[in-house]
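Encoded as structure tokens, the structure appears first; notes follow it.
The values are calculated or read from the model by the stated rules, or taken from the named source; none is laboratory data. Just so you know, these numbers come straight off a predicted model, no measurement behind them. A quick note on method: Cβ atoms are made from the backbone with ideal geometry, for glycine too, and the neighbour counts reach across all protein chains shown.
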Amino acid sequence: MAQDQPLYELHSRPDLDQPALVLAPDGWIDAGLAGVGAMAALLEAVPTELVATFDSDEFIDYRARRPTSVMEDGVYQDLIWPRIELRSGRDGEGHDILVLVGPEPDSRWKAFTGAVAELAGMFGARILVSMAGFPTPVPHTRTSPLAASASSTELATSVGVVPGILRVPAGIMAALGDRLSGQGVPNLGLWARVPHYAAGLPYPAASLQLLEGLARVTGVVVDAPELREAAEETRRRLDGLASNSVQHRTLIRQLEAQFDEEAENQSALAAGWANLPSGDELAAELEKFLRDQGP
């Protein structure tokens with residue numbers, strides 16, 4: 001690609017008032033599909049328009065994220081390419097929002113974050129918020145607090161943190177946050193704690209928590225009744241599965257006792273990993289159980 005050719009195409013210039021820039025990219029750590037579910041509910045509830053598309057050839061590895069061939073009776077009808085988009089919308093309360101939709105880039109992260117930072121400056125973004133889930137030893141019978149990673153102590157502690165020093169592989173959210181911090185835009189990662197035995201399947205309760213955290217931090221309100229109904233149904237199914245096994249009930253009780261003790265001590269729930277009860281068997285049975293139940 002020529003050096004002077006832009007990395008994105010601008011499709012519209014909406015008049016936005018200090019929008020929050022929100023993302024939950026496909027392909028990053030996202031236990032229970034918490035971030036993906038929250039983003040889907042957001043796009044369903046908030047009408048959006050296309051603002052910009054990024055050059056897929058520059059940022060996407062098509063062998064890792066292959067295009068989708070659409071065929072009818074053996075005849076090719078369409079070829080759908082993966083793409084990364086920036087969209088804009090406004091919630092029912094009048095809060096403007098920018099939404100970065102699509103997969104995590106496979107290459108040229110520095111160029112990509114520079115392009116996003118340029119667009120964020122163009123539209124006056126006031127904060128960057130990313131959403132995802134991570135597996136942790138909490139029971140599905142409790143609502144665990146969100147954890148945060150942020151550009152400032154004040155912003156992080158307004159949500160809650162896992163204490164101590166962590167060194168983990170970074171996602172594009174961290175790279176974007178670092179880039180935007182350089183131009184004065186604060187960034188916040190919202191992390192939902194997902195029961196480790198349910199991390200491999202959609203866990204709508206975590207998606208709801210992320211949307212509630214988004215509303216608390218930015219004011220952006222997402223009405224998601226279908227997601228709430230799905231969370232209640234998942235809770236009933238997990239309850240039903242656990243009730244059929246003494247071992248599963250014991251696991252849940254152990255996690256509940258650990259959760260309640262740490263909550264009483266105002267712990268950030270970081271402890272307990274060393275004594276984590278094995279959830280492998282429950283996770284395997286859970287996957288089979290939910291699949292047998294249908295969508």
TODO: Scan the stretch 16-60 for residues that are modelled with pLDDT of 95 or more and assigned to a strand (DSSP E or B) and jot them down.
DONE: Ala20, Leu21, Val22, Leu23, Thr48, Glu49, Leu50, Val51, Ala52, Thr53, Phe54
Open item on the list: I need a count of the residues in the stretch 129-157 that are in a loop (DSSP other than H, G, I, E, B), at pLDDT 90 or above and of a type in the set (S, T, N, Q).
Closed with: 3
Task: Arg179 vs. criteria touching a Gly at 6+ places or on another chain (Cβ under 8 Å), under 22 Å from Gly32 (Cα atoms) and either modelled with pLDDT under 90 or surrounded by 17 or more Cβ atoms within 10 Å (Cβ to Cβ) (or both) - done: no
Open item on the list: Among the residues in the stretch 103-120, are any basic (Lys, Arg), surrounded by fewer than 19 Cβ atoms within 10 Å (Cβ to Cβ) and modelled with pLDDT of 95 or more?
Closed with: yes
Open item on the list: What are the pairs with Cβ atoms under 7 angstrom where one residue, in the stretch 217-246, is within 15 Å of Gly32 (Cβ to Cβ) and the other, located anywhere, is surrounded by 13 or more Cβ atoms within 10 Å (Cβ to Cβ) and hydroxyl-bearing (Ser, Thr, Tyr)? Sequence gap at least six, or different chains.
Closed with: Leu227/Ser207; Thr234/Tyr203
Open item on the list: I'd like the residue in the stretch 50-95 that is touching a residue at least 24 places away in the same chain (Cβ under 8 Å) and of a type in the set (Val, Ile, Thr) and, out of all such residues, is surrounded by the fewest Cβ atoms within 10 Å (Cβ to Cβ).
Closed with: Thr53
- [ ] Being under 28 Å from Gly219 (Cβ atoms) and either surrounded by fewer than 22 Cβ atoms within 10 Å (Cβ to Cβ) or of a type in the set (Val, Ile, Thr) (or both) is the filter here, so list the residues in the stretch 124-135 that pass it.
- [x] Gly124, Arg126, Ile127, Val129, Phe134
Open item on the list: Just the residues that are crowded, with 16+ Cβ neighbours inside 10 Å and part of a loop (DSSP other than H, G, I, E, B), please, taken from the stretch 1-13.
Closed with: Leu7
Open item on the list: Which numbered condition in (1) buried (at least 22 other Cβ atoms within 10 Å of the Cβ); (2) modelled with pLDDT under 95 is the only one that Leu190 fails?
Closed with: (2)
Open item on the list: Take Leu166 and tell me if it is within 14 Å of the chain's Cα centre (by Cα) and either buried (at least 23 other Cβ atoms within 10 Å of the Cβ) or without any contact (Cβ under 8 Å) to a residue 12 or more places away in the chain (or both).
Closed with: no
Task: Selected residue (criterion: farthest from Ala132 (Cα to Cα)) from residues of the stretch 14-37 that are of a type in the set (D, E, K, R) and exposed (fewer than 15 other Cβ atoms within 10 Å of the Cβ) - done: Asp15
